[in-house]
Amino acid sequence: MADFSTVTTVVGLLLALAGSWWLHGDLASEARLAGVVIVYLFGGIPVGWRALRALWRAHAFEIDLLMIVAAIAAAIVGASLDGAILLMLFSLSTTLENRAMGRARRAIEALMALRPETAFRKREDGTVEEIPASALSVGEVVILRPGARVPADGTIVSGHGSLDESTITGESMPVVKEPGAQVFEATVNLDGVLEVRVARTVEQSTVARMIALVTEAQAAKAPSEQFSAWFGQRYTIAVLAGSAVALGAFFWLGNSWETALYRAATMLVAASPCAVVISVPAAILSALSAAARGGVLFKGGAALETLAAVNVFAFDKTGTLTTGRAEVTGVVALDGNEERFLSTLASIEAHSEHHIAGALRREAAQRGLRTHAVRNVTALPSAGIVGEDEEGPLWAGNQHMLASMGASADETILRDFQEGAETIVYLGRGDRVLGAVSVADTLRDTSAEALTALRASGVTTILMMTGDRRSVALRIGRAVGVRDEEIHADMLPEDKVRLVGEVAQGKKVAFVGDGVNDAAALARADVGIAMGAAGSDVALQAADVALLSEDMGRLAAAHRLSKRTAAVIRQNLTFAIGAMLLLVGAAALFGLPLPFAVLGHEGGTVLVVLNGLRLLGDPIRRVSRT
Ligand code: ADP
Ligand code: MG
């Protein structure tokens, strides 16, 4: 509709111009009149209607109001062709603006279309039925044929093949998966036939959460957006009042009232803040969607703006700098019965969501060990887990846990174990230690590179905060390029919060984490960044940004994008305000003709929008490839 009226307006203006410049006689004045009337109808009525509606409904003075007042003033003083030029260009730039902004928005909304409608559910008897994806419940098994979209988040129970997860992670390389691996709704199963056990209902899936995040993001305005909206409002009123004063002044200076009105209308157009108002949202929306396509979701423009100012990054270790896909490297059972020891450990760890627990369970499963029931289980973040079985109370955890149980690990065999630089999990009953397991986690292969990139783009301090012991922390930290004095080990969740709070005095801090034990620190930091798809829900809730890709390089890219966005916003505001001052000066002092004021004004608006759109160019993905 908007497009249609804009096109009509353009045609009308061409007719009017033909009438003034090329045609002669009666035909000329008729063509001119008809053209101007068309432009005023198709260009002016929508603008006037929007202006009145805003005034009526929200008592808001929109820029539309300025434009329609200027066009009417032009018509009154017999400069209706100038008014028509104004309306045509305004209509054209509004349409262009809407299209550009729509493009930025649609990049994200496309996600919704990718969610499959139906799923193939496997019945008890092995037969398969097609049901709506929304009817799936947790624990059911669905069959995925090659080429099918995954209908729900789940775990592969049989079959293997590669999946295209670009919708979730932005990663274009297919990922090979086998039984036990997680798959996500809306990703594509490329080649294998897979059986997947549903882990989350469709309403709670990763994609559903992403869509919710993005919806929130669009509602939450960045500070500079708020500023430009606020500014637009006040300024519009000021321009109206200022033009009235200018009208009086021009008249008083000896102009005829027609000239005075024409010049006042020119000033009104020159002083209109279109470019100022659109410059911030154009940049922010473009950046948000570029980031989203690269697998980095910002919960709002505010997070994007704050990230640009961040100069301290604090990282959690396990599951953030490392992959969290840990492996058991050594087992010490003090009574010599390794199998019974491991099966007891796996039994209590069956209740934990921690990466380490997963490693312990896998080890027990690989050795074909059975587990037994453990009740009254409580997880103690950054320490371990406690519960009880038939034989009595039971605990598993690190040195904190050991100490709090009054137990000690003085046996030589355990001491030898501690010499190494691997994570150690003790298992015990009360103050009696049953044994220990060492677990090695693998470094995320993109971590070191990402930290270097962050330092290169002006981050002064990178901290590592972990609940693990110092020797492990030092080994991992050194491998990814964190300096020894930047490493903080043996931290409980509250220590992380305290340290983040201390650093945040005078500096802007981002905290990057994945676990339940990171949630408070994520919330405390100026910008909380959660490791998305594989991270815990609590972390995702507490964070301002979700990193859905496994590639840590995206974080560095997102940081750079946020800085570029801040720069584009500065450029846009400087340019918009500068151009406005220039036009107003020219209108006030040199009698700038109305069409030039219009051209400068609309041209400036289109320029700032285009400048903002540059950010759409997917810098996040490009950076990570190099
Ligand atoms: P990070 O801060 O590096 O992500 P966490 O704070 O999650 O690490 O965990 C710190 C330490 O607490 C682990 O290294 C481990 O020793 C211990 N721990 C936490 N949860 C468990 C668990 N479920 N079982 C055994 N040990 C655990
Ligand atoms: Mg962690």
Expected unfolding gain across residue 178-residue 442 under the 0.36 nm per residue rule, minus the alpha-carbon gap, is 93.2 nm
Helix by helix through the chain, keep the DSSP H runs that span 18 Å or more along the axis on Cα and average at least -0.5 on Kyte-Doolittle, and give those back in order.
2-21, 25-39, 45-58, 63-76, 80-113, 206-219, 223-252, 257-270, 274-293, 553-590, 594-613
Once the Cα gyration tensor of segment 437-495 is found, what semi-axes does its equivalent ellipsoid get, as square roots of 5 times the eigenvalues, in whole Å, sorted largest first?
21, 15, 9
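Pop the C-beta distance of residue 419 and residue 123 into the FRET formula with R0 = 51 Å and round what comes out to the nearest 0.05.
E(calc), rounded to 0.05, equals 0.40.
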Just to check, using Stokes-Einstein with a Kirkwood Rh over alpha carbon pairs, what's the diffusion coefficient of segment 52-98 at 25 °C and 0.890 mPa s in µm²/s?
215 µm²/s
Efficiency of FRET between residue 203 and residue 57 - r from beta-carbon atoms, R0 35 angstrom, step 0.05:
0.55
So how far apart, in nm, are the two label points at residue 162 and residue 229 if each is 7 Å from Cα heading toward Cβ?
4.5 nm
For the chain, compute Rh as the Kirkwood radius over C-alpha pairs and then the Stokes-Einstein diffusion coefficient at 25 °C and 0.890 mPa s; write the answer in µm²/s, rounded to an integer.
87 µm²/s
Inter-centroid distance (Cα atoms) of segment 31-82 relative to segment 251-267, Å
19 Å
Of every hundred units of 1.4 Å-probe accessible area on segment 327-440, the number belonging to carbon and sulfur atoms, as a percent, is 46 percent
Could you grab the relative contact order for the chain? Cα pairs under 8 Å, six or more apart, rounded to a whole percent.
15 percent
Arranged from highest to lowest average of other beta-carbon atoms within 10 Å per residue, in what order do the peptides 122-133, 334-345, 306-317 appear?
306-317, 334-345, 122-133
Under 13 Å from a point 7 Å along the Cα-to-Cβ line of residue 484: which residues of segment 458-473 have their amide N that close?
471
Difference of contour (0.36 nm per residue) and Cα-Cα distance, residue 504 to residue 325
61.3 nm
Roughly how many Å² of residue 491 are accessible to a 1.4 Å probe, to the nearest 10?
10 Å²
Go ahead and estimate [θ] at 222 nm for the chain from helices alone: -39,500 (n - 2.57) per DSSP H run with n ≥ 4, summed, over the residue count, rounded to 500.
-17500 deg cm²/dmol
Label-point separation (nm) for residue 99 and residue 14, each offset 7 Å from Cα along Cα-to-Cβ?
1.5 nm
Based on the alpha-carbon gyration tensor of segment 327-440 and its eigenvalue square roots a ≥ b ≥ c, which shape applies: rounded if a/c is under 1.5, prolate if not and a/b is larger than b/c, or oblate?
rounded
How high is the relative contact order of segment 519-588, given as a whole-number percent (alpha carbon pairs under 8 Å, six or more residues apart)?
21 percent
In a solvent-free Debye calculation with one equal scatterer on each Cα, what is log10 I(q)/I(0) for segment 1-76 at q = 0.11, 0.12, 0.26 Å⁻¹, listed in the order of the q values?
-0.34, -0.39, -1.10
Modelled FRET efficiency - R0 41 Å, residue 541 with residue 145, Cβ distances, 0.05 increments:
0.75
For the chain, what is the accessible area per residue in Å² when the probe is 1.4 Å?
43 Å²
Which stretch or stretches of segment 408-433 have amide N atoms under 13 Å from the point lying 7 Å from residue 351's Cα along the Cα→Cβ direction?
none
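The values are calculated or read from the model by the stated rules, or taken from the named source; none is laboratory data. Source: prediction; values computed, not measured. With ideal geometry, Cβ positions are generated from the backbone for all residues, glycine too; neighbour counts draw on all protein chains shown. Calculation scope for accessible area: heavy atoms of the full protein, side chains included, ligands and nucleic acids excluded. Shrake-Rupley method; radii C 1.70, N 1.55, O 1.52, S 1.80 Å.
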